[in-house]
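Down below is the structure, laid out as structure tokens.
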Amino acid sequence: MNVSRREFLKLSGVTAGGLLLPAGAALAAKRFPLHKPVGETPTICCFCGVGCGAIVASGPDGKVVNVEGDPDHPINLGTLCSKGAALAQLNLDPGNRRLKTPLYRAPGALDWEEKSWDWTIEQIARRIKDLRDEHFEEQDGEGRIVNRLRTIASLGGAAHDSEECALIVKAMRALGLVFIEHQARI
Amino acid sequence: MTNHWVDLKNSDIILIIGSNAAENHPISFKWINEARKKGAKLINVDPRFTRSSATADLYARIRSGCDIAFINGMIKWVLDDMEAHPEKYNMTYVTEYTNMSFLIDPSFTLPADNGGKFSGFQVMDEFSIGQFGQYDKSTWKWQTDADGIPKKDKTLKDPNCAFQLLKKQVSRYTVEKVCSVTGTDPDAYRQVCELYASTGAPDRSGTIMYAMGTTQHTHGTQNIRAYAILQLLLGNIGVAGGGINALRGESNVQGSTDHCLLWHILPGYLKPPTASQQSLQAHLDASTPKSNDPKSANWWQNYPKYFVSLLKSWYGENATADNEFGYHFLPKLEVGRNYSHIALFEAMHAGEIEGLFCWGTNPAVGGPNVNFEREAMSKLKWMVAVDLWQTETCSIWQPDVCDDPASQQTEFFLLPAAASYEKEGSVVNSGRWAQWRWKGAQPPGQAHHDLWIVSQIMNAVRNLYKDEGGANPDPILKLRWDYGYDPSAEDVAKEINGYALVDIVDDKGNVIYKKGELLTSFGHLKADGTTASSNWLYTGSYTEAGNQMARRDNADYHPAGIGLYSNWSWCWPLNRRIIYNRASVDLDGNPFAPDKFVIRWAGKWEGDVPDGGWAPMNMEGTRYAFIMKTEGHAHIFGPGLVDGPFPEHYEPLEGPVDNAFSATQVNPTIKVWQPDEISDRNEFPVVCTTYRVTEHWQAGQMTRNLPWLVELMPQVFVEISKELGAELGVETGDPIKLSNVRGSARAVAIVTNRFKPFTIEGQAVHQVGIPWHWGFTGLAQGDSANLLTPHVGDANTMIPEFKAFLVKVEKV
């Protein structure tokens, strides 16, 4: 089956992204033979609110090979600004600056310690519960039901996916938080 | 944006004010230039001669903080011209679609009659810069007839009609007076007025592109109100190439706002309950507007359907009619208390807040008065930061910035997150297009996407409450949280869209949805607990036909070729690409601008998804065009804000001169949090503003860690005029220091023609500007501009006043 690169992207966009990657594979209803072991996936730039399209090319190891403007995207028609043109470096991380494991700084400590996810999540859950159990207000001074927690606050994030925002806001309100804000305010 | 990026190509006049789009939204110029190829003109209004100014047909300088004076003067120009030459304007639009004809309460009075305040001001505080308080708004209302419908005078002659009151309000804003306050050249100002007013012709359109230069003021909301009034007068809302277009600075600031990561709203702009609303019914009664006018759609009358569907989505089968659908699982706000960013940091500084989540955010650089906010965070018991990088915010304990790390007692948990294309989900651009992103690479090491992270935390908290009990576990344990170990973005997107909880039948008894099916329209949501949707605005985004946000058909099917791209991704509401579009047609449904129509009536609507499907105004069973407004008319007289139904000029908290329009110096309804921290103009005489550059992004963590971008833009700088440079003996490349009552920042000077001294009321006023991306971590480091900015916000929104404050400039 001969599929041009542009047609391939249109098809893959609707059915499956990141064909060589585990997360994409679950969705891969259609697969097309490629001549090189590089998967191409359409994305939207993570910087400003224009919402330009870009194409992420990555190898079998899941590392980015290249990111370029998406010529099919009706807003940017393949062009990108300097930030968009640097998208690849988010994953390539030439300065080795990305966080790769949970880090913990104890009170008074002078450095970070690497920790496991299990330990970190358990500790955070305990901190949340301690503050909530101590400070949760079921009623206010006038005896009205308020079910709120003022001693924990949540900030962020306007660069999250909408689905992430939906779960963060659901979780924070469920804990009783009222101090919930993000970058739109500032 | 009421419109969207590609729609800029349909504009006749593009006004960029409070934004530097060429720098910060460069791709927008693809469509601005497309318009200019067809003869459109670009106007730029800015304190600094920016990259946007350099490409503009007409540039007008303005001192930071003076938008209202500038726009009120334009409104005066238009009203004067409209009375002399009504044939040049779209009077049908003005009289039929806006509330210009509404008769206002005769006891309502204007600032000219009250020393700079509207009627009803009540003093609560007094500081050196004036009296502060709030308005009793009982006179800010229209007169109603016996049926409770607003009284109107469509001749616009009645002295109490909104048109005449607006005319009176702006009569003080003459060209001479405006320019003496804003520092604008009067000839340039007249050209701006004349050119922009030309979009008042029914078949022409003008767009206003704005960003944080507009919003980040103590009167930021009124700045936007002024733009909106101007656009409504010119018939520029709802039309192709028109609109009020906020240029969003982050890739999903639109979506994150729609999903309401904000204290004062719940998903879909619903209202969080307050302590005074002790039952679901009390909340719904207080939140659902009523209209007596049968021709008003009053869309928010549907509020109960959206609110109950949200409760059903969040609490599932634990939300029943018997427990008010779980209404009391929701936290209740204290009546009259503000919980916004500035208030939050004031509470943290006072010790009220002990734990903090920072989800991909860096307030130690991006917040106002960062010395104060860093100090507030150092008082926390713990912080959980979820990020790609080690930011300034999670580094405030480190020896290079903390005097005594060993006594700094905050615990920090720093969780590694996945970047945008290392996970799956949707982001919503400024034009409300929800665009799906697929996973295209693996996150490094053990980094995870935030759905996984938040789910792990909630699963662990729920397990603790299950095992141990604790303070009221119900809101946590009755929550529907069944996402498993690794939540799927697709599943969450379906939950946002909403689905039927039982078989849903229409009026004729036909089953339109089987139980469990995804809904196609928020018109099908119910208040009786038979539907669930965690955000009504997004109903239709993920249906039984598939993920609409993932659509990639890039053909423009609109008959006039106006570039709607309606089959590319999906936009809220209901894939309507230009909102308020029923105002783009006359009373018979014929478009005011046939060559670039948005919708038109041909027995049914053609073109974009119409704003409510009702027939044109001259037909039976119709509804007014502005369906979200209770009375169906766009608000030129806008009683909803806290600081006035019309915009009135006030100086910033730190202004370089006395207010020339009245004795009220500063917006009298702001909250002055730190009255002792106001920079005195005698000691700190220079106006300063902050801004951004193309190569960096926001608080810098996403760009100051990328070598390519650091190489392009390595260092923080301050732009100063040649005149100020000569006064200080400063040349380009010299290190200089900006300081005020809150702090100081060092940077390299760029001595440039891009800034010029202003002459304000006969007095020379200098202005300088500094980009705010830098901080003390990352590959490129430098002082944060927000070391200088005040901890004060807009009266309505509490957005900080980053864009106009006072400093002293020194050579170091």
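Each peptide in B:753-762, B:506-515, A:154-163 was scored by the mean count of other Cβ atoms within 10 Å over its residues; highest first, the order is A:154-163, B:753-762, B:506-515. Couplings for segment B:615-631, taken from phi via the Karplus curve 6.51 cos²θ - 1.76 cosθ + 1.60 with θ = phi - 60°, read 5, x, 4, 7, 9, 5, x, 7, 9, 4, 6, 8, 5, 7, 8, 4, 8 Hz in order; Gly and Pro are left as x. Listed by chain and number, the lysines whose alpha-carbon sits under 16 Å from that of B:Lys9, ignoring those within fewer than 8 places in the same chain, are B:Lys30, B:Lys37, B:Lys38, B:Lys41, B:Lys596. Beyond 24 Å in Cα-Cα separation lie the following of the pairs B:Lys290/B:Lys515; B:Lys137/B:Lys271; B:Lys271/B:Lys423; B:Lys141/B:Lys295: B:Lys290/B:Lys515; B:Lys271/B:Lys423. Each residue of segment A:180-186 is assigned a 3J(HN,Hα), and the resulting list reads 10, 9, 7, 4, 4, 6, 10 Hz, derived from the Karplus form 6.51 cos²θ - 1.76 cosθ + 1.60 (θ = phi - 60°), x at Gly and Pro. Distance between the C-alpha centres of segment B:773-798 and segment B:549-618: 41 Å, rounded to the whole angstrom. So which of B:Lys88/B:Lys167; A:Lys129/B:Lys478; B:Lys88/B:Lys756; B:Lys379/B:Lys671; A:Lys115/B:Lys439; B:Lys671/B:Lys803 end up more than 28 Å apart, counting from Cα to Cα? Checking Cα-Cα distances, B:Lys88/B:Lys756 exceed 28 Å.
Using a cutoff of 8 angstrom between alpha carbon atoms and counting only pairs six or more residues apart, the relative contact order for chain B works out to 17 percent.
Computed extension length for B:Asp400-B:Lys154: 81.8 nm, one decimal, from 0.36 nm per residue of separation with the Cα-Cα distance subtracted.
With K and R counted +1 and D and E -1, the other residues having a Cβ less than 10 Å from that of B:Asn575 yield a net charge of +3. Fully extending the segment from A:Asn66 to A:Gln139 would add 20.7 nm, taking 0.36 nm per residue of separation and subtracting the current Cα-Cα distance. On the beta carbon distance between B:Glu711 and B:Ser138, with R0 = 45 Å, the FRET formula returns roughly 0.15. Summing charges over neighbours of B:Pro267, with a neighbour being any other residue whose Cβ is under 9 Å away from its Cβ, gives 0 when K and R count +1 and D and E count -1.
Computed about its Cα centre, the charge dipole of the protein assembly as shown is approximately 1960 debye, with only Lys, Arg, Asp and Glu carrying charge at their Cβ.
Taking every residue in A:84-91 and counting other chain Cβ atoms within 10 Å of its Cβ, the average works out to 6. Note on segment A:103-185: along the principal axes its Cα atoms extend 46, 31, 22 Å, ordered by decreasing extent. For the Cα trace of chain B, dividing Rg by the Kirkwood Rh returns an Rg/Rh value of 0.95. Look at the Cα gyration tensor of the protein assembly as shown: its axes a ≥ b ≥ c give a/c under 1.5, and that counts as rounded.
Relative to one another, the C-alpha centroids of segment B:63-111 and segment A:120-154 are positioned 49 Å apart. Dipole magnitude for chain B: computed about the Cα centre from +1 point charges on Lys and Arg Cβ and -1 point charges on Asp and Glu Cβ, it is near 1520 debye. Each residue of segment B:408-416 is assigned a 3J(HN,Hα), and the resulting list reads 7, 9, 6, 8, 10, 10, 10, 10, x Hz, derived from the Karplus form 6.51 cos²θ - 1.76 cosθ + 1.60 (θ = phi - 60°), x at Gly and Pro.
Among the residues of B:482-491, the average count of other protein chain beta-carbon atoms within 10 Å of the residue beta-carbon is 2. For segment B:336-491, evaluate the Debye formula with one uniform point scatterer on each Cα (no solvent term) and list log10 I(q)/I(0) at q = 0.09 Å⁻¹, rounded to two decimals. Evaluating at q = 0.09 Å⁻¹ gives log10 I(q)/I(0) of -0.39.
Rounded to the nearest 20 debye, the dipole magnitude of segment B:450-531 is 180 debye, with +1 charges on Lys and Arg beta carbons, -1 on Asp and Glu beta carbons, and the Cα centre as origin. Listing B:Lys379, B:Lys167, B:Lys439 from fewest to most neighbouring C-beta atoms within 10 Å gives B:Lys379, B:Lys167, B:Lys439. All other residues with a Cβ under 15 Å from the Cβ of B:Pro771 taken together, and with Lys, Arg as +1 and Asp, Glu as -1, what is their net charge? Combined, the nearby Lys, Arg, Asp and Glu give +3. Each label was represented as a point 7 Å from its Cα along the Cα-to-Cβ direction; for B:Asp491 and B:Asp680 these points are 6.3 nm apart. Taking amide H as placed 1.01 Å from N in the peptide plane, the amide H of A:His73 sits under 5 Å from that of A:Gly78, each at least 5 places away or on another chain.
Ratio of Rg to Rh for segment B:91-161: 1.11 [Cα atoms; Kirkwood radius as inverse mean 1/r over pairs].
Values in this text are rule-based calculations from the coordinates and carry no lab data. All values derive from a computational prediction rather than experimental measurement. A quick note on method: Cβ atoms are made from the backbone with ideal geometry, for glycine too, and the neighbour counts reach across all protein chains shown.
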